[in-house]
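Read the structure below first, then the notes.
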Amino acid sequence: MKIKNICCIGAGYVGGPTMAVIAQKNPEINVTVVDLNKQRIAAWNDEDLSKLPVYEPGLDEVVKEARGRNLFFSTEVDRAIDEAEMVFISVNTPTKTYGEGKGMAADLKYVELCARQIARVSKGDKIVVEKSTLPVRTAQAVKSILDNTGNGFKFSILSNPEFLAEGTAVEDLQSPDRVLIGGEDTPEGKEAMQALVDIYASWVPKEQILTTNVWSSELSKLVANAFLAQRVSSINAISELCEATEADVDEVSRAIGKDSRIGPKFLKASVGFGGSCFQKDILNLVYISKSLGLNEVADYWEQVIIMNDYQKYRFAKKIITTLYNTIADKKIAFLGWAFKKDTNDTRESAAIYVAEHLLQEQAKIVVYDPKVTEEQIYSDLEYLGTLSSEDIMNRVTVVNDPYKAMDKAHAVAVLTEWDEFKSYDWDRVYENMMKPAFVFDGRRLLDEAEITEKGFKVYTIGK
Ligand code: NAD
Ligand code: UDX
């Protein structure tokens with residue numbers, strides 16, 4: 001079966017870049033990405049490529065090449081579904097904020113709405129691909145909705161989780177470690193899997209395209225994120241031990257990472273992992289395990305989150321105790337707000353939680369981030385629900401000049417590892433800060449010896 005038209009529901013951090021690369025690599029397939037959010041679609045269609053709603057290095061070039069040729073962004077959801085033989089569901093699946101499973105389970109309401117909409121609109125057989133990260137066995141629910149509310153057409157459900165990391169999305173999509181496709185072991189299931197394999201095979205070597213059953217595929221996505229996050233929490237746990245013993249966590253990372261069984265990646269101690277995926281997916285794994293009565297399994301994975309929350313708290317506490325246990329009305333400059341470098345995404349960023357702790361102590365925070373907007377920063381703090389709007393407005397300032405952020409500050413906190421922070425004129429920064437001038441390096445980004453030599457008192461996680 002040859003696919004000629006693809007529809008992707010959800011033009012977010014995954015739907016947009018993923019479909020842009022699929023369209024780039026398959027010029028003969030029309031790819032239409034749809035979303036209910038009109039503003040987002042307008043931004044994807046903006047002539048000025050710096051206005052794309054997702055900032056990712058290299059994405060503008062891919063969009064420039066494919067948009068208008070075979071890549072389209074639209075709000076006409078029904079039409080795009082109807083015209084496509086293959087529909088990807090790439091909507092958000094956040095942690096539930098209400099009802100059963102509140103704070104743990106994934107909220108599947110957007111996915112269910114998509115399934116109902118596909119069933120209602122379809123005037124022919126379709127392959128439906130789960131691109132969103134979903135709890136294991138969601139495909140069963142999607143299939144049941146499609147079969148029971150559809151117009152009698154056949155629907156094949158595939159699971160095709162996305163493994164891209166933000167900041168390197170284009171690179172990850174163009175040369176993935178693997179593509180995972182889960183499908184049913186039936187003639188229709190196999191045909192559907194082959195159709196999707198053919199799309200990826202345009203640029204991904206065949207041996208890197210793995211096919212499994214649907215449940216293994218759904219579960220593997222949660223497990224991959226849990227394993228990655230667990231490494232960060234493991235090294236962060238060791239970072240505190242290093243601080244108590246004069247071992248250096250980077251040296252420990254290097255020493256253990258050379259063991260080919262351990263490997264060097266995801267061993268960088270930090271103020272804690274953020275992003276829209278790690279915490280959400282582990283909570284989901286914990287919830288599923290608990291629901292199945294697997295309490296030891298649930299407790300094991302929950303510890304990864306507990307450690308991460310502790311690391312953010314520990315960093316904030318270090319700032320407070322170092323600044324003589326009182327930070328009320330002291331100016332603290334935040335370098336970075338995004339959850340990692342090279343993205344404008346702030347979801348679950350450690351910066352938000354460190355700011356919350358410091359604001360509760362009535363500090364004044366001035367934020368500089370090269371890609372995050374002022375509006376986003378205020379909305380992240382409002383969303384916490386623990387700070388009054390008045391406090392947020394009075395105590396937080398966002399500036400677009402880093403030197404202004406650090407001018408007359410008592411301390412600088414590095415919350416994101418943006419490369420540009422390394423090349424600042426730190427002599428000039430030191431001159432204009434309150435003394436003693438402190439730097440709290442939450443990302444182990446700056447050369448500690450160099451910064452200390454300039455006169456700063458430096459705190460580096462794990463040292
Ligand atoms: P996102 O919030 O950036 O985008 C989701 C989009 O879906 C939004 O623009 C929203 O308006 C749209 N949407 C929701 N319901 C809709 C509907 N019924 N019809 C049309 N549009 C609708 O989310 P994201 O970061 O792209 O994540 C999407 C999924 O991919 C999640 O399940 C996530 O866990 C998974 N994932 C994310 C990443 C990542 O790095 N962000 C990586 C791998 C997997
Ligand atoms: C993650 C997974 O890597 C990706 O495969 C999945 O598809 C989505 O979730 P993402 O959250 O975009 O990607 O970024 P990632 O590079 O994994 O970083 C997550 C967080 O962990 C960031 O806050 C990062 O700063 C932090 N981190 C990462 C560390 O603190 N130390 C490390 O060694 C690695």
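The values are calculated or read from the model by the stated rules, or taken from the named source; none is laboratory data. Just so we're clear, the structure is a prediction, and the values are computed from it rather than from any experiment. No Cβ is skipped: glycine too gets one built from the backbone with ideal geometry, and neighbour counts run over all protein chains shown.
Numbers at a glance
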item	result
Top-ranked residue of segment 408-447 - restricted to ones that are surrounded by fewer than 18 Cβ atoms within 10 Å (Cβ to Cβ) and of a type in the set (Asp, Glu), ranked as farthest from Glu166 (Cα to Cα)	Glu431
Output for segment 145-170, where each listed residue is assigned to a helix (DSSP H, G or I) and among the charged types (D, E, K, R)	Asp147
Search result, residues across segment 161-170 that are in contact with a strand residue (DSSP E or B) (Cβ under 8 Å, 6 or more places away or on another chain) and surrounded by fewer than 21 Cβ atoms within 10 Å (Cβ to Cβ)	Phe163
Selection within segment 171-199 - surrounded by 20 or more Cβ atoms within 10 Å (Cβ to Cβ), within 16 Å of ligand 2 (Cβ to nearest atom) and in a helix (DSSP H, G or I)	Leu173
Matching residues in segment 241-261 - criterion: being in a helix (DSSP H, G or I), more than 14 Å from ligand 2 (Cβ to nearest atom) and in contact with a helix residue (DSSP H, G or I) (Cβ under 7 Å, 6 or more places away or on another chain)	Cys242
Qualifying helices (runs of 4 or more DSSP H) (wholly inside segment 8-123; at least 1 residues being within 11 Å of ligand 1 (Cβ to nearest atom))	15-25, 38-44, 77-83, 109-121
Positions within segment 86-113 being of a type in the set (Asp, Glu) and within 20 Å of the chain's Cα centre (by Cα), in sequence order	Asp107
Segment 171-224, residues that are among the basic types (Lys, Arg) and free of Cβ contacts under 8 Å to residues at least 60 places away in the same chain	Arg178, Lys190, Lys206
Residue within segment 315-328 that is more than 21 Å from Lys408 (Cβ to Cβ), within 16 Å of ligand 1 (Cβ to nearest atom) and among the β-branched types (Val, Ile, Thr) present	no
In segment 200-209, the residues that are outside any loop (DSSP other than H, G, I, E, B) and either surrounded by 18 or more Cβ atoms within 10 Å (Cβ to Cβ) or among the hydroxyl-bearing types (Ser, Thr, Tyr) (or both)	Tyr200, Ile209
Cross-chain or 6+ apart pairs with Cβ under 6 Å, segment 27-56 first and at negative phi, then of a type in the set (Asp, Glu)	Ile41/Asp35; Leu49/Asp60
Total residues in segment 210-249, condition under 23 Å from the mean Cα position of the chain (by Cα) and over 27 Å from Val136 (Cβ atoms)	3
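Residue-wise test of (1) part of a loop (DSSP other than H, G, I, E, B); (2) within 27 Å of the chain's Cα centre (by Cα); (3) at pLDDT below 95.
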site	(1), (2), (3)
Gln376	no, yes, no
Thr386	yes, yes, no
Lys408	yes, no, no
Ala413	no, yes, no
Val429	no, no, no
Lys435	yes, no, no
